[in-house]
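Only one structure is covered here, and it is reproduced in the block below.
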Amino acid sequence: MEFSTQTTASLHQIKTAALAVGVFADGMLSPAADIIDHASNGALREVLKSEFLAKAGTHLALRRLTGVVAARIILIGLGKQDSYNAATHANAEFVFANYCVQAHLSEGVSTLAAIECPNSTMRSRAQAAAVAAGRATYYYDATFGKREHNAAPKLKKIILSVARNQAGQAQQGLSSGGAIAAGMNLARELGNLPGNICTPTYLGQAAKKLAKEFKSLKAEVLERKQIEALKMGSFLSVARGSYEAPAFIILRHSPASAKTAGKTRKAPIVLVGKGITFDAGGISIKPAGNMDEMKYDMCGAASVLGALRAVAEIGLDREIIGLIPSCENLPSGRANKPGDVVTSMSGQTIEILNTDAEGRLVLCDALTYAERFKPAAVIDIATLTGACIVALGHVNSGLFSKDDALAESLLRAGRDTNDTAWRLPLEDAYQEQLHSNFADIANIGGPPAGSVTAACFLSRFTKSYPWAHLDIAGTAWRSGKEKGATGRPVPLLVQYLLDQA
Ligand code: BES
Ligand code: MN
Ligand code: ZN
């Protein structure tokens, strides 16, 4: 995708296949809509009287208006003006980009970002526009025999129409937004690929491919032997159940300025992503229904790769390290059994009461590995618990942290990118549910507060740095007819990293 800005005020003279103008449900026209209405002798107001109610999320295409050079004016409904906000704006940009895709257009001009709305800047609105366009153009065809040639999106270019003195800001927003969109689409693609293709080895190759593409990135993929040498006994116990080789992936973004001697460097931020490329549950096997969806159990890993791709493209001035423990969780004669006790890299022993609580078993060793970087913060991202979907549905990711400042920064980054999270408790009182008669800690805490006890388990391995945990079981993918990976929480993560740089 290509993004640019244009600053002509004479919107009726813009030559384009589609020009998006916003209108409010109470009959108010945006400044752009007003210009087009005047140029076309009141054609817009005419339509608004009856045909188009301008509800948020709706659109109407008007072709060949007299006095207007653009081939189509796309009226975009913005809902009531007094409730118009950044989320409505982002969605409106998506409606427009999606229209362009469905109509097989190769370019379009949007005037929507020029409309002011609360708690947003031109930069953030332009970023949202680029993310929306990137999302609209995502198209999965990796595993079809042949798919109709005509179905692939042709949209290549979105131009934002903005005031001259805001073009610089808009340009910045478009470039970070374009990078976020590319990171999201990478995460979606990896999430959507089936488990027999997207293996731990494949994720390792994806990291290496990124390192080839971006100079600031370096990838290292540790194999079983090296993981053994690190004594990651908990991670390896999950990996043992499968013939598929495990991988421990380290992807590092080092900004150019980091090499300049004498400059005091900020400590790195570490992202840890759960990379279970298929979760059958192990011996505590899952029921058959919808088990295919457990190919998405590596969406934490995918969001780490997507976020690192984005920070590399942006050229972020901060060292960021991605860690991905990746394997399958299958039942077999070598798999973990309920009651088994394993020794984690930290030295703490774990009684495995349910082999389906495997995410925490692979993450805990990666969290211990993270200590060596003396990080300013560690954030793990994981499709960790079904209980998180029960608690928060598909709207918010679950956020857990004892560090209020870190939690607040992540919540804000989520709000600013419409990729929201909701904070859940992490009090010591829940820790007793993890008591084991046979080891330092049990890997499950029983039915009450399943997402909280999962986070409590992880917290035992994060004593030496500020830490937050994102449970993305509900937000990383959609079920049903629209089944597929969403690319969340790449926007939240990248915004957080941008804010920290
Ligand atoms: N990957 C699952 C969590 C999950 C479930 C994500 C459904 C998305 C949709 C995880 O490994 C798991 O199986 N968790 C168990 C934990 C339980 C055994 C304590 C769960 O949520 O049932
Ligand atoms: Mn599981
Ligand atoms: Zn899992």
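The values are calculated or read from the model by the stated rules, or taken from the named source; none is laboratory data. Keep in mind that what you see is a predicted model, and the values were worked out from it rather than measured. As a convention, Cβ positions derive from the backbone with ideal geometry for all residues, glycine included, and neighbour counts pool all protein chains shown. What goes into the accessible areas is simple: the full protein's heavy atoms, side chains included, and nothing from ligands, DNA or RNA. Shrake-Rupley method; radii C 1.70, N 1.55, O 1.52, S 1.80 Å.
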Of 390-398, 85-93, ordering from highest average Cβ density within 10 Å down gives 85-93, 390-398
The alpha-carbon center of region 391-466 and that of region 205-281 are separated, in whole Å, by 23 Å
Quick shape check on region 63-153: root eigenvalues a ≥ b ≥ c of the Cα gyration tensor, a/c under 1.5 is rounded, otherwise prolate if a/b tops b/c, else oblate, and it reads oblate
Pairs over 20 Å Cα to Cα, from Lys209/Lys481; Lys15/Lys156; Lys295/Lys481; Lys274/Lys295, come to Lys209/Lys481
For region 345-447 the GluC sites (Glu not before Pro) that pass both the DSSP coil test and the at-most-14 other-Cβ-within-10 Å test are Glu427
Between the Cα axis of helix 490-500 and the main Cα principal axis of the chain, the angle (0 to 90°, nearest 10) is 90 degrees
With the 8 Å Cα cutoff and a minimum separation of six or more residues, the chain has a relative contact order in percent of 14 percent
Heads up, region 371-485 by the C-alpha gyration tensor (a ≥ b ≥ c square roots of eigenvalues; a/c under 1.5 rounded, else a/b over b/c prolate, else oblate) looks oblate
Sorted by accessible surface (1.4 Å probe, heavy atoms of the protein chains only), largest first, Trp477, Trp422 come out as Trp422, Trp477
Once Lys and Arg are counted +1 and Asp and Glu -1 for all other residues with Cβ under 14 Å from that of Leu230, the total becomes -1
Extension length gain for Gln102 and Lys374 (0.36 nm per residue less Cα distance), in nm, is 93.1 nm
Stretched fully, the stretch from Lys209 through Asn165 gains (0.36 nm per residue minus C-alpha distance, one decimal, in nm) 11.9 nm
Whole-percent carbon and sulfur contribution to the accessible surface of the chain (1.4 Å, no ligands, DNA or RNA) stands at 52 percent
Expressed as a whole-number percentage, the relative contact order of region 13-100 with C-alpha contacts under 8 angstrom and at least six residues apart is 36 percent
Any GluC sites (Glu not before Pro) in region 1-74 that lie in a DSSP loop and have at most 14 other Cβ atoms within 10 Å would be Glu51
Rounded to the nearest 10 Å², the accessible area of Leu426 using a 1.4 Å probe with every protein chain kept is 20 Å²
Surpassing 28 Å at the alpha-carbon level, of the pairs Lys208/Lys286; Lys208/Lys402; Lys55/Lys157; Lys231/Lys483; Lys266/Lys402; Lys208/Lys463, are Lys208/Lys286; Lys208/Lys402; Lys231/Lys483; Lys208/Lys463
If every Lys and Arg gets +1 and every Asp and Glu gets -1 at its Cβ, then about the Cα centre the chain yields a dipole, in debye to the nearest 20, of 1400 debye
For Leu406, the net charge from surrounding residues (Cβ-Cβ under 13 Å; K, R +1; D, E -1) works out to -2
Sorting Tyr202, Tyr296, Tyr99 on solvent-accessible surface, 1.4 Å probe, most exposed first, gives Tyr202, Tyr99, Tyr296
Under a 1.4 Å probe, counting only protein heavy atoms, Asp440 has an accessible area in Å², nearest 10, of 90 Å²
Over the chain, with neighbouring protein chains present, the accessible area per residue in Å² at probe 1.4 Å is 42 Å²
For the chain, the longest principal axis of the Cα atoms and the Cα long axis of helix 359-369 enclose an angle in degrees, to the nearest 10, of 80 degrees
